[in-house]
Structures are given as C-alpha cells and as structure tokens.
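Report on one structure; see the data block that follows.
The values are calculated or read from the model by the stated rules, or taken from the named source; none is laboratory data. Model, not experiment: these values are computed from the prediction. Note: ideal-geometry Cβ built from the backbone for every residue, glycine included; neighbour counts use all protein chains shown.
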Amino acid sequence: MNARIAEAAYDVARVRADFPILSTTVRGKRLAFLDTAASAQRPLAVIEAVARYERTLHANVHRGVYELSQKATDAFEGARERVRRFLNAASPKRVIFTRGTAESINLVAQSWGQRLGPGDEILITWMEHHANIVPWQMLCERTGATLKVAPIDRRGELDLNAFRSLVSPRTRLVAFTQVSNALGTVLPIHEMIAAARAVGALTLIDGAQAVEHQRVEVRQLDCDFYAFSSHKLYGPTGIGVLYAREAVLRDMPPWQGGGDMILTVSFSGTTYNDLPYRFEAGTPNISGAVGLAAAIDYLEALGIERAHAHEQRLLGRATSALKAIDGLAVIGEAQHKSGVISFTLEGVHPHDLGTILDDEGVAVRTGHHCAMPVMEFFDVPATARASFGCYSDDEDVDQLVRALGRAREVFG
Ligand code: PMP
C-alpha cells in the first residue's frame with residue numbers, strides 16, 4: 001500500500017481511545033508509553049473478549065461432553081483457526097499454542113533438537129534475543145552440536161555474505177529474528193531462508209517483533225518454524241504460537257508429557273495424540289487464546305499496513321529529533337528498521353536516564369534488552385530504547401524529546 005495514503009487515513013486519536021491505559025497518568029503526567037517492543041498495551045476489544053469468556057464460557061476444553069465445555073473448546077479451537085488464517089497456514093494442525101516465543105523456541109530445541117549430534121551445526125545471528133540463543137546453547141551442550149553466529153556490522157545490519165559463508169552442509173537449522181528488539185533492524189529473511197534451503201537446513205524465524213508490524217504469510221515465506229508472542233501483538237501475556245510445517249512436526253517427538261497430548265496411557269506403553277495436541281500437554285491458556293484471537297481481529301480491522309506506515313513516520317520523526325540532541329547516539333542505524341530506537345546519552349547511565357524520563361511520564365526500556373551480545377558488540381553496558389505501536393503519537397515523541405532535554409539539564 002502507498003504509505004502516504006495509508007498514513008492519511010490513520011486516525012491515531014481514535015486508535016488511542018481504544019486503549020484504556022493510555023488515558024491514565026504517571027506521577028500526574030500524561031503517560032507517553034514508549035515500551036511497546038517489551039509488551040504492547042491491550043485494546044478494550046481484547047480486555048472485553050477475555051472478560052466475556054471468563055464470565056460466560058469457561059470450562060476445561062477437549063474433555064467434557066456438557067455444553068459449556070464444548071463452548072469453551074469451540075472458543076479455543078476458534079482461536080487456533082484465527083491464528084491459522086492470520087498466518088495463512090495450510091492447516092490448524094500446524095498451529096501450536098505455547099506460553100510465548102521463548103517457549104516456542106524451547107519446544108523446537110528440546111523436541112526436534114534431540115536428533116542432533118557432534119558435527120551438526122545451528123546457525124543464528126549476533127543480534128538475537130536471549131530466547132533465540134540460550135536454548136541452542138543448552139542443546140549444543142547436551143548433544144555436542146556446534147552453535148555458529150553470523151556477524152553484524154556497526155550499523156546493526158547482518159553481514160549477509162558472512163552469513164551465507166557460514167551456511168554449510170553441516171547446518172541443520174538456521175534460527176534468526178525477523179526484527180531485532182534491541183536495534184530495530186529488519187533482517188533480509190527471504191535471502192536467509194533461501195540460503196538455508198539451498199543446503200537442506202531447516203529455518204526457524206523469531207517473529208516476536210515482526211508479526212504485529214507487517215503481514216506474515218508462512219506459506220509464502222516457506223519457513224519451517226515461526227514463533228511469536230501474543231503480548232507483543234496487543235493480546236494477553238502467557239500465550240504464544242509455534243507454527244511449524246506439518247511434515248517436520250510429524251517427525252518430532254513430544255517434549256512435555258501430560259493430559260491432552262496422549263491418546264492412550266498404559267504401563268505397557270503410551271500412544272500420543274495427533275497434531276497439534278501432541279505438543280500441548282496440560283490444560284492450556286484458554287482465555288489467553290481467546291484474547292489473542294481478539295487482538296488479531298483488532299489489528300486486522302485497523303490494518304497492519306496502515307499501522308506500520310504510521311509507526312514508520314513516527315520512527316523517522318523521532319530519529320531526526322533524537323539525533324539533534326547534543327551527546328545522544330543512536331545505536332542501530334540499519335537501512336530497514338522497525339519502530340524501535342536504541343540510544344545512549346553521553347554522561348548519563350541509561351538506568352538514570354530511565355528514572356528521569358519516568359519522572360516526566362515517559363516509559364522507555366533501559367538495559368540490555370535481553371540481547372547482551374548486541375551490547376557487547378557496540379561496547380555499551382545498556383541502552384535506552386523507545387519503541388512504537390499502533391497507538392503511539394507525535395505527542396509521545398515530543399514528550400520524550402522534552403524529557404531528554406531535562407535529563408541533559410540535570411546531568412549538565
Ligand atoms: N524474541 C524477541 C525478538 C523478543 O523481542 C522477545 C521478547 N522481548 C522474545 C523473543 C521473547 O518473547 P517472550 O518473552 O514473549 O517469550
């Protein structure tokens with residue numbers, strides 16, 4: 001869609017009115033919520049869908065013959081179908097509910113990863129979130145496989161040539177983020193998937209920072225695994241998704257045992273349930289799934305492309321305004337960026353900066369953003385990070401800029 005047309009039609013004041021928390025105040029100041037990359041706020045439609053479920057539909061799923069249990073099952077499986085449609089996956093069997101991105105990646109590492117051994121390689125990038133580093137380190141320790149890391153450059157972009165040269169016939173899985181949460185970099189995932197395919201390696205995409213900002217069609221991407229969290233997509237916490245190609249899933253052993261994932265249990269042997277239930281042991285987060293489906297409905301009604309165009313405009317405006325501040329350095333200046341700006345302010349530790357900004361009603365994240373290798377690469381202990389969502393507006397940016405001016409006064 002033409003970005004200018006999309007932006008012209010975007011009424012951010014109306015969007016903001018859908019999010020009750022945005023009209024609350026912090027220390028008597030207007031809340032400028034600029035931490036959407038950590039967790040997005042929820043629109044009323046999501047809050048109400050969860051409340052409606054809790055008030056009128058709740059029972060355990062898949063087990064009862066009574067009406068309420070069937071209604072709860074319909075709501076839960078309806079949510080799975082909603083996710084399937086959102087991702088344009090071929091079948092709901094490929095949509096596994098998890099607690100979030102981290103659990104989705106751990107599922108793959110613990111189940112699919114069991115087959116790896118010495119000589120096998122997993123390739124990630126230097127800008128991964130810890131959730132896409134540590135499960136692979138743990139897997140390599142268990143199996144003797146080797147973890148390879150593709151380098152980045154000073155702009156915060158992947159070195160694609162180096163990445164390609166690290167892909168080899170030993171590579172069994174290439175796991176990478178679609179958008180860096182610490183830098184905002186949008187990765188060239190089509191090229192990366194093609195490079196992995198060329199050697200027969202599987203691909204896992206960490207979509208935690210991507211799926212809420214751009215349309216993701218898993219069939220068109222042709223990836224093997226795609227992971228994301230509901231709470232970054234304006235939905236509840238404690239629920240997320242692992243999409244996986246069916247042939248790959250069929251070949252994977254269960255990873256957690258319990259109710260729902262079995263067909264029969266006997267001391268002489270247990271048989272496992274069909275997909276996707278084989279990977280969903282125990283009572284699931286039913287209201288969370290309902291909330292996630294409502295969040296997807298909300299975002300699609302708003303228009304992902306329109307919200308994205310709006311966020312891109314804010315990113316441009318904020319980047320120019322921040323770079324004009326004396327002593328401020330933007331960390332991560334990739335050509336293609338999502339609505340995330342990491343920065344440092346000379347002479348002010350990011351944590352002190354966060355506290356001053358909080359005094360001014362500005363909520364930004366400060367720290368290593370669960371991406372310590374990125375901090376190490378840029379040789380900073382931490383950064384402050386402002387991130388945008390569909391409800392962010394010009395006033396949020398102005399409030400941030402004013403608060404940064406105040407920080408400069410305080411720290412001389
Ligand atoms: N990957 C990325 C890129 C993220 O930004 C996050 C959340 N900060 C995660 C993975 C982990 O998501 P969750 O904590 O919801 O499992």
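Mind listing whichever residues of the stretch 108-133 are more than 15 Å from the ligand (Cβ to nearest atom) and aliphatic (A, V, I, L, M)? Correct list: Leu116, Ile122, Leu123.
Scanning the stretch 371-400 for residues that are out of contact with any helix residue (DSSP H, G or I) (no Cβ under 6 Å at 6 or more places or on another chain) and assigned to a loop (DSSP other than H, G, I, E, B) gives Ala371, Asp379, Val380, Pro381, Gly389.
Among the residues of the stretch 303-310, are any out of contact with any strand residue (DSSP E or B) (no Cβ under 9 Å at 6 or more places or on another chain) and within 16 Å of the ligand (Cβ to nearest atom)?
No: the stretch 303-310 contains no residue that is out of contact with any strand residue (DSSP E or B) (no Cβ under 9 Å at 6 or more places or on another chain) and within 16 Å of the ligand (Cβ to nearest atom).
Which one of these is of a type outside the set (S, T, N, Q), at negative phi and under 22 Å from the mean Cα position of the chain (by Cα): Ala51, Ala13, Ala59, Ala40? Only one candidate passes the filter, namely Ala40.
Within the stretch 94-107, being closer than 22 Å to Thr283 by Cβ and within 16 Å of the ligand (Cβ to nearest atom) holds for Ile96, Phe97, Thr98, Arg99, Gly100, Thr101, Ala102, Glu103, Ser104, Asn106, Leu107. Only residues that are surrounded by fewer than 21 Cβ atoms within 10 Å (Cβ to Cβ) and in contact with a strand residue (DSSP E or B) (Cβ under 7 Å, 6 or more places away or on another chain) were counted in the stretch 257-279, giving 8. Of the helices (runs of 4 or more DSSP H) lying entirely inside the stretch 1-105, those containing at least 1 residues that are crowded, with 21+ Cβ neighbours inside 10 Å are 12-17, 44-56, 67-87. The listed residues are Ala196, Ala175, Ala182, Ala145, and the only one of them that is within 16 Å of the ligand (Cβ to nearest atom), surrounded by 15 or more Cβ atoms within 10 Å (Cβ to Cβ) and more than 26 Å from Thr319 (Cβ to Cβ) turns out to be Ala175.
Test Ile286 against the stated conditions and say whether it is crowded, with 22+ Cβ neighbours inside 10 Å, β-branched (Val, Ile, Thr) and over 23 Å from Asp11 (Cα atoms).
Criteria met by Ile286.
All of (1) without any contact (Cβ under 8 Å) to a residue 60 or more places away in the chain; (2) surrounded by fewer than 19 Cβ atoms within 10 Å (Cβ to Cβ); (3) over 19 Å from His336 (Cβ atoms) hold for Leu139 with one exception: (2). Of all residues in the stretch 322-347, those that are among the aromatic types (Phe, Trp, Tyr) have Cβ atoms under 9 Å from Cβ atoms of residues that are in a strand (DSSP E or B), 6 or more apart or on another chain, in Phe343/Leu328; Phe343/Ala329; Phe343/Val330; Phe343/Ile331; Phe343/Thr383; Phe343/Ala384; Phe343/Arg385; Phe343/Ala386. Hey, any hits in the stretch 121-128 for a residue that's without any contact (Cβ under 8 Å) to a residue 60 or more places away in the chain, surrounded by fewer than 21 Cβ atoms within 10 Å (Cβ to Cβ) and in contact with a helix residue (DSSP H, G or I) (Cβ under 9 Å, 6 or more places away or on another chain)? Within the stretch 121-128 (the criterion being without any contact (Cβ under 8 Å) to a residue 60 or more places away in the chain, surrounded by fewer than 21 Cβ atoms within 10 Å (Cβ to Cβ) and in contact with a helix residue (DSSP H, G or I) (Cβ under 9 Å, 6 or more places away or on another chain)), the answer is yes, since at least one residue qualifies. Selection of the stretch 199-218 for residues being more than 16 Å from the ligand (Cβ to nearest atom) and either modelled with pLDDT under 95 or within 18 Å of the chain's Cα centre (by Cα) (or both) yields Arg215, Glu217, Val218.
Within the stretch 152-198, the set of residues being among the basic types (Lys, Arg) and either part of a helix (DSSP H, G or I) or within 16 Å of Gln220 (Cα to Cα) (or both) comprises Arg164, Arg197.
Condition check ((1) closer than 24 Å to Asp206 by Cβ; (2) among the β-branched types (Val, Ile, Thr); (3) without any contact (Cβ under 8 Å) to a residue 12 or more places away in the chain) across all residues:
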residue: His351; (1), (2), (3): no, no, no
residue: Cys370; (1), (2), (3): yes, no, no
residue: Thr383; (1), (2), (3): yes, yes, no
residue: Asp394; (1), (2), (3): no, no, no
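Of all the criteria given as (1) more than 22 Å from Gln137 (Cβ to Cβ); (2) buried (at least 16 other Cβ atoms within 10 Å of the Cβ); (3) among the hydroxyl-bearing types (Ser, Thr, Tyr); (4) away from the ligand (no atom under 11 Å from the Cβ), the one not satisfied by Thr237 is (4).
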